[in-house]
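Provided herewith is a single structure, encoded as structure tokens, for subsequent inquiry.
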Amino acid sequence: MPRAPTLENYTALVTRLDMVRNFANSAIVTVLATVLSVLVNSLAGYAFARLQWPGRDRLLLLVVALMIIPLEAIAVPLFYEVTLLGWRDTYWVQIIPFVANAFSIYLFYTFFLGLPRELEEAARIDGAGPWRIFFRIVAPNAKPVFATVVILSFLTQWSALLWPLMVTHSETVRPLPLGMATFYSLPPLQWGDIFAFGVMMVTPVLLIFVLFQRWFVQGVATTGVKG
């Protein structure tokens with residue numbers, strides 16, 4: 001017969017590992033990276049979809065081409081670059097390289113193409129500038145794509161392991177996935193503690209999906225209809 005439910009495994013995590021620090025590190029990196037990613041990539045997608053400037057089409061083709069390049073292909077030169085900049089073992093080395101994302105830019109670009117231009121033209125006639133049009137007109141009507149990018153960016157950053165393993169070495173900035181890899185190698189091997197760690201890893205992702213699922217499903221459905 002199973003025993004009554006307890007929090008014994010979770011308290012063991014705190015005593016055997018600096019769980020709070022690892023969780024806080026992942027939260028800081030993931031939230032900042034997601035917010036910056038949504039801001040930068042949405043503005044880039046809007047520039048590609050609506051603005052006219054020299055070299056736009058060629059640069060868009062480059063963005064599309066970059067979607068097929070995995071992190072593993074650029075990890076070594078990127079590691080060399082951040083080492084020269086003195087960014088290793090910091091929060092910023094886990095955030096800045098992944099703010100701009102080709103896939104997110106393309107998602108925003110394709111969604112903004114489907115928005116009716118009449119809304120922006122009416123605002124422009126009323127005297128609104130590009131920034132006000134984007135934040136007051138375009139962004140409120142693009143909740144599905146914003147929710148999609150938030151979920152994908154959060155999931156990618158929260159579960160990142162390879163890059164933090166390469167660029168961090170101290171507990172001060174070590175994220176949760178790397179802390180879990182370290183914890184797994186600590187004797188004694190307690191599967192209850194490991195499963196509790198897994199619950200701590202998955203819970204924030206589930207919460208983000210629950211918060212944004214309505215707009216996420218809307219965005220997937222819209223993309224499917226257009227395709």
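Of the residues L13, L32, L17, L7, only one is aliphatic (A, V, I, L, M) and within 30 Å of L115 (Cα to Cα); which?
L32
Further, regarding this structure: Select from the range 166-182 the residues that are in a helix (DSSP H, G or I) and out of contact with any helix residue (DSSP H, G or I) (no Cβ under 6 Å at 6 or more places or on another chain) and list them in ascending order.
P177, A181, T182 - these are the residues of the range 166-182 that are in a helix (DSSP H, G or I) and out of contact with any helix residue (DSSP H, G or I) (no Cβ under 6 Å at 6 or more places or on another chain).
Tally the residues that are more than 18 Å from the chain's Cα centre (by Cα) and in a loop (DSSP other than H, G, I, E, B), restricting the search to the range 52-88.
7
Against the condition part of a helix (DSSP H, G or I), hydrophobic (A, V, I, L, M, F, W, C), surrounded by fewer than 17 Cβ atoms within 10 Å (Cβ to Cβ) and in contact (Cβ under 8 Å) with a residue 24 or more places away in the chain, how does A49 come out, does it pass?
Details: part of a helix (DSSP H, G or I): yes; hydrophobic (A, V, I, L, M, F, W, C): yes; surrounded by fewer than 17 Cβ atoms within 10 Å (Cβ to Cβ): no; in contact (Cβ under 8 Å) with a residue 24 or more places away in the chain: yes.
Spelling it out, it is not the case that A49 is part of a helix (DSSP H, G or I), hydrophobic (A, V, I, L, M, F, W, C), surrounded by fewer than 17 Cβ atoms within 10 Å (Cβ to Cβ) and in contact (Cβ under 8 Å) with a residue 24 or more places away in the chain.
I'd like the full set of residues that are under 13 Å from V38 (Cβ atoms), buried (at least 17 other Cβ atoms within 10 Å of the Cβ) and out of contact with any Ser or Thr (no Cβ under 9 Å at 6 or more places or on another chain), limited to the range 109-150.
Residue satisfying the conditions is A147 alone.
Please go through the range 72-95 and give me each residue that is aliphatic (A, V, I, L, M) and exposed (fewer than 14 other Cβ atoms within 10 Å of the Cβ), ordered by number.
If the condition is that a residue be aliphatic (A, V, I, L, M) and exposed (fewer than 14 other Cβ atoms within 10 Å of the Cβ), then A73, I74, V76, L84, L85 are the ones that fit.
If you don't mind, there's one more thing I want to ask. Looking at (1) touching a helix residue (DSSP H, G or I) at 6+ places or on another chain (Cβ under 8 Å); (2) not in a helix (DSSP H, G or I), can you tell me which one V20 breaks?
(2)
Looking at R16 and the list (1) closer than 27 Å to F195 by Cβ; (2) surrounded by 15 or more Cβ atoms within 10 Å (Cβ to Cβ), which single condition is not satisfied?
(2) is the only condition that R16 fails.
Of all residues in the range 172-195, count the ones that are surrounded by 14 or more Cβ atoms within 10 Å (Cβ to Cβ) and either in contact with a Gly (Cβ under 8 Å, 6 or more places away or on another chain) or at pLDDT 80 or above (or both).
Total satisfying the criteria: 8.
The values are calculated or read from the model by the stated rules, or taken from the named source; none is laboratory data. Values in this document were obtained by computation on a predicted structure and should not be read as measured data. All Cβ positions, glycine included, derive from the backbone under ideal geometry; neighbour counts span all protein chains shown.
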